[in-house]
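**Q** Here it is, the structure in full.
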Amino acid sequence: MTKYNWQQHDWPDFQYDLSPLQESLFFIAEKMGLVAGKINHLSEHLQTDAAVEFMVEEAIKSSQIEGERINRIDVRSSIKNKLGLNKKIIPVHDKRAQGIAELMLDVRKTFNQPLSEKKLFAWHTMLFSDSYHSDIKIGCWRTDEEPMQIISGHYGKVKIHYEAPPATRVPEEMRQFIRWYNQSAPGKSHAIPFAPVRAAIAHLYFESIHPFDDGNGRIGRAIAEKTLSQGLGYPVVISLSQVIEANKKEYYAALKFASHTNKITAWLNYFLHMILQAQDEVITQINFILQKSLFFQTFENKFNERQLKVINRMMQAGIKGYEGGMSAKKYMAITRTSKATATRDLQDLVEMKALKQVGSGRSVRYHLFLKK
């Protein structure tokens, strides 16, 4: 029978070789400096925009990895409500969006504080304190006597990918994890000098224990973000979940391989490359924020109320753009106006080069004209 990492004699004494990881660590440090420089050159207002957008992206993608689709506008509204950035509190209907937004904010706010059982329970409560999850034990470790298994397939042909430690072991395993986490922090007795390495170990360690009934992935990724922030000394601007969600098979394959051994050099190599990809996304996002700022400066006071509402809705879709592009029909639905007015408004936006038109006839669509 295959032994999982927690069943082996050297658990949780993770062993790894840093020599093949030096180049990745160098590039991560270099990109962190580049990102910091780009952010420092933004105005205070744009720095806030950047922080909000990365929290929104992390919340959306972290939930998507777990198969949950939450409303992007609700997530953004929740974050901005909490930060006091909305002129008036905007009602948020999706409580899941409110919960994950609260988690994102708390991770950033308390990044430099030690990890504790109380904090982990608080994060879990943020995620699941709604009517959608009445069957989940909230704010406590799992207690079910049935094995915690990650499986796939159908009845009779079930494949077990991983089985976590039994619930009876979880309290002690988590005490050890929290002790290791706090002692390995910068400046502590067993400090791990490279934050990306510590983040990779922390994520694997936590996921291996799988201490909650649900939400382990989201909280495990929050721990990784907290770890990177502690290494930097300020809240990191990154979305690991964006990269994971785009390459889920690769992520689960790396996690599965790592769950069978405590020799984790391969896992560290994977995780560091994931951080590098996430940093590239950060740079792309910052460039988008700058493009958006230039766009609104160029067209300041040139849009009517309907046009501004639609432009803002399109901007909220982010780098990938408004899904399917804007159409006269969508414009009518957003602004509650007539087809004639929608068509006239859209053509006006094309003529002033705020939008670009693609296609013709019924298939015509409009996209933002952002200068590079």
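The values are calculated or read from the model by the stated rules, or taken from the named source; none is laboratory data. This structure is a prediction, so every number in the text was calculated from the model and none was measured. All Cβ positions, even for glycine, are placed from backbone atoms using ideal geometry, and neighbour counts span all protein chains on display.
**Q** Has the stretch 298-321 got at least one residue that is in contact with a Pro (Cβ under 7 Å, 6 or more places away or on another chain), surrounded by 13 or more Cβ atoms within 10 Å (Cβ to Cβ) and in a helix (DSSP H, G or I)?
**A** No: the stretch 298-321 contains no residue that is in contact with a Pro (Cβ under 7 Å, 6 or more places away or on another chain), surrounded by 13 or more Cβ atoms within 10 Å (Cβ to Cβ) and in a helix (DSSP H, G or I).
Let's see how each residue does on (1) farther than 20 Å from residue 206 by Cα; (2) modelled with pLDDT of 90 or more; (3) buried (at least 17 other Cβ atoms within 10 Å of the Cβ):
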position	(1), (2), (3)
222	no, yes, yes
229	no, yes, yes
237	yes, no, yes
260	no, yes, no
270	no, yes, yes
275	no, yes, yes
295	yes, yes, yes
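**Q** Still on this structure: Please go through the stretch 318-353 and pick out each residue that is of a type in the set (A, V, I, L, M) and touching a helix residue (DSSP H, G or I) at 6+ places or on another chain (Cβ under 7 Å).
**A** Within the stretch 318-353, 319, 326, 328, 332, 334, 342, 346, 349 meet the criteria.
**Q** Among the residues of the stretch 1-16, are any in the same structural domain as residue 225 (by TED's automatic domain parsing), more than 19 Å from residue 282 (Cα to Cα), assigned to a loop (DSSP other than H, G, I, E, B) and acidic (Asp, Glu)?
**A** Yes: the stretch 1-16 contains one or more residues that are in the same structural domain as residue 225 (by TED's automatic domain parsing), more than 19 Å from residue 282 (Cα to Cα), assigned to a loop (DSSP other than H, G, I, E, B) and acidic (Asp, Glu).
**Q** Answer yes or no as to whether residue 90 is surrounded by fewer than 18 Cβ atoms within 10 Å (Cβ to Cβ) and not polar (S, T, N, Q).
**A** Yes, satisfied.
**Q** While we're here: Consider residue 72 carefully, then state whether it is basic (Lys, Arg) and under 19 Å from residue 320 (Cβ atoms).
**A** On the way: basic (Lys, Arg): yes; under 19 Å from residue 320 (Cβ atoms): yes.
Yes; evaluated as a whole, the condition is true for this residue.
**Q** Another question, if that's okay. Output the number of residues of the stretch 111-139 satisfying the condition of being assigned to a loop (DSSP other than H, G, I, E, B), in contact (Cβ under 8 Å) with a residue 12 or more places away in the chain, closer than 30 Å to residue 232 by Cα and of a type outside the set (Gly, Ala, Ser).
**A** 4
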